[in-house]
1. I'd like the full set of residues that are hydrophobic (A, V, I, L, M, F, W, C) and assigned to a helix (DSSP H, G or I), limited to the range 65-108.
2. Anything in the range 48-64 that is in contact (Cβ under 8 Å) with a residue 40 or more places away in the chain, open to solvent by 40 Å² or more (accessible area, probe 1.4 Å) and part of a strand (DSSP E or B)? List them, or say none.
3. Going through the range 89-108 one residue at a time, which ones are open to solvent by less than 80 Å² (accessible area, probe 1.4 Å) and either within 17 Å of Leu55 (Cβ to Cβ) or under 20 Å from the mean Cα position of the chain (by Cα) (or both)?
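The values are calculated or read from the model by the stated rules, or taken from the named source; none is laboratory data. Because the structure is a prediction, the values reported are computed rather than measured. Note that we place each Cβ from the backbone using ideal geometry, even for glycine, and neighbour counts take in every protein chain shown. Keep in mind that these areas ignore ligands, DNA and RNA; they rest on the heavy atoms of the full protein, side chains included. Shrake-Rupley method; radii C 1.70, N 1.55, O 1.52, S 1.80 Å.
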Amino acid sequence: MNNEAPAIPRDTLSDTQQNPNDAVVTRRTYGYVDWSVRPNREPDAPPTTFRFRCLTESEDSVPCGAESDESENFAVARDWTYGHMRAHPTHVSYAEVLVRPWVMWRLGPAR
């Protein structure tokens, strides 16, 4: 159940005014702020992880799709590709699946 009042165009309200469905709406003015997104390198950030996926397609153009386990160690994920190719000698195309945490940083007021 949503108890929020429906959006009413800002220019139609005074500072505090009843809206049509009897909810009291208070108008607030917020400044614009510049933001940046960048890799999260804080000590408590989630780790960057690696995984590899087989992209080799069968004769009917269906990708294999087999994947390594996710690992914080790139070499562990990469080494899976050698074992997969040993089991399937024609599977030679792979994609690296990288999960890197990012964070929004407030830079300050917009100019």
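1. To start, the set of residues in the range 65-108 that are hydrophobic (A, V, I, L, M, F, W, C) comprises 66, 74-77, 80, 85, 87, 92, 95, 97-99, 102-105, 107.
Listed by number, the residues that qualify are Phe74, Ala75, Val76, Ala77, Trp80, Met85, Ala87.
2. So in the range 48-64, the residues in contact (Cβ under 8 Å) with a residue 40 or more places away in the chain come out as 48-55.
Of the ones still in play, those that are also open to solvent by 40 Å² or more (accessible area, probe 1.4 Å) are 48, 51, 53, 55.
Answer for the range 48-64, where residues must be in contact (Cβ under 8 Å) with a residue 40 or more places away in the chain, open to solvent by 40 Å² or more (accessible area, probe 1.4 Å) and part of a strand (DSSP E or B): Arg51, Arg53.
3. Filtering the range 89-108 down to residues open to solvent by less than 80 Å² (accessible area, probe 1.4 Å) leaves 91, 93-95, 97-99, 101, 103, 108.
Once the filter is applied, which keeps residues that are open to solvent by less than 80 Å² (accessible area, probe 1.4 Å) and either within 17 Å of Leu55 (Cβ to Cβ) or under 20 Å from the mean Cα position of the chain (by Cα) (or both), the range 89-108 yields His91, Ser93, Tyr94, Ala95, Val97, Leu98, Val99, Pro101, Val103.
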